[in-house]
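Quick notes on the structure that follows.
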Amino acid sequence: MDIDKMKCVLCHKFPDAEVYECSAQHVGCIGCVEKLNVRLCKCSEYFDEKKDNPIERLAQSSKIPCPYKATGCTWIFGPTDMRQHLEECRFRPVGCIANSLKVITCRWNGQQYQLEDHLMKFHADIGKPFSYYQLTEIPFSATVSKTGIRLVDAFSKLFLFYFSTNVDTKMIYFMFVYFGRREEAQQYYYEFQIRDHAGKDVRQIKFVNTCVADCEDLNGKIENEDCIALTFRSIRHYLKNDSIPIRFIVKKLEKEAESATARKTSADESNKPVKPKPKPFVFPQKGKQQQNVSRSSSVGGPAPNVPKTSPVTSDDPPLRPPPNLTRSISVTKLPSNMPPVQKTPEFSSINRIGISGQDSPLVHQEPCPFMSPSINRLDAFWPN
């Protein structure tokens, strides 16, 4: 961007407040336009639009690398986003979270991405990490304050489960901490219940809340009760041998949204009108040959008992009788001195061989009036 375009076209100085801009993007400061009552730019266009200082806009649009670039951060932000990034950067220097929550005295200092490994290696005495779905018991005493932490393995990530009892305020607190940015922490939530594990008592206390990020003020959330906060009096009916039976499950909002969308889609599909299926074709008497009731009793045995019905009158013309297909057959008389011909079995026309002579075993048959002569048949010739 040309730096001279940021100067006022009237006084040729950099503006220190809001400016007027013409359609040609020339800048006029408020002192020249309003105080001197100059509404026309040198390019003969009017100053008709009021905008922010171009120098401030340039500073806001410019991006600079994270100050923790030397330790591994590759993010680049503008001035407005840099402050929030510095609070959430994985390469920022941090101390032990167990020490900040006043659970364990630890003087360790490192970077945020090293915090989970630090808890696993140097504070293994806190116990094996919980599963995303856990049934456990929390020690309770009405006379001694107690605090504790435990890692939780869920969605291939580590969370921190924190609890504390304060005998001075008669309060007990529970909180789930996510190691990462606030935006990522808001994607996870937990269901927390205080109930009898054996199921003998149906009473229970249930909470549903989102996780908090480790970059937030955790002690401030506890003081402001921006977490699960219960009084000693409210949990007295759930105590089992000086312990509080709890159950929790860590969930992800994205999967819940997907399942809700899937349920909505299935519900919409179920509300759609169902197209009726065509009825399958059914034979009148499947597997049986239907009898022809129109045949006379002389063909195929006696006719079945069909109830007589009155003739139906119709306007259609009467049917024409079938043509006469009978033909006269000429009979040829054989000579008297000819020896008798032996009768042989029938052969198909394609395999029949004509043999001429008086010893031919074939029978000379008259052609059928309803059949055409076969192209493969050789006629037998008889001597005169």
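The values are calculated or read from the model by the stated rules, or taken from the named source; none is laboratory data. In this text, all values refer to a predicted model and were calculated from it rather than measured experimentally. When we count neighbours, we look across all protein chains shown, and the Cβ atoms used for this are built from the backbone with ideal geometry, even at glycine. All accessible areas refer to the heavy atoms of the entire protein, side chains included, with ligands and DNA or RNA removed. Shrake-Rupley method; radii C 1.70, N 1.55, O 1.52, S 1.80 Å.
Please tell me if Leu151 is modelled with pLDDT of 95 or more and touching a Pro at 6+ places or on another chain (Cβ under 9 Å).
Yes: the conditions hold for Leu151.
Would you confirm whether or not region 213-221 contains a residue that is more than 34 Å from the chain's Cα centre (by Cα), within 24 Å of Ser145 (Cα to Cα), surrounded by 18 or more Cβ atoms within 10 Å (Cβ to Cβ) and hydrophobic (A, V, I, L, M, F, W, C)?
Yes.
Determine which single condition Thr169 fails, assuming it passes every other condition in (1) open to solvent by less than 80 Å² (accessible area, probe 1.4 Å); (2) touching a helix residue (DSSP H, G or I) at 6+ places or on another chain (Cβ under 9 Å); (3) not in a strand (DSSP E or B).
The number of the failed condition is (2).
Can you work out which of the residues in region 120-154 that are of a type in the set (A, V, I, L, M) and in contact (Cβ under 8 Å) with a residue 40 or more places away in the chain is surrounded by the fewest Cβ atoms within 10 Å (Cβ to Cβ)?
Ala142
Which is without any contact (Cβ under 8 Å) to a residue 24 or more places away in the chain and part of a strand (DSSP E or B), of Val250, Val177, Val208?
So the residue among Val250, Val177, Val208 that is without any contact (Cβ under 8 Å) to a residue 24 or more places away in the chain and part of a strand (DSSP E or B) is Val208.
Can you tell me how many residues in region 90-119 are of a type in the set (Asp, Glu) and without any contact (Cβ under 8 Å) to a residue 12 or more places away in the chain?
Residues flagged as of a type in the set (Asp, Glu) and without any contact (Cβ under 8 Å) to a residue 12 or more places away in the chain within region 90-119 amount to 1.
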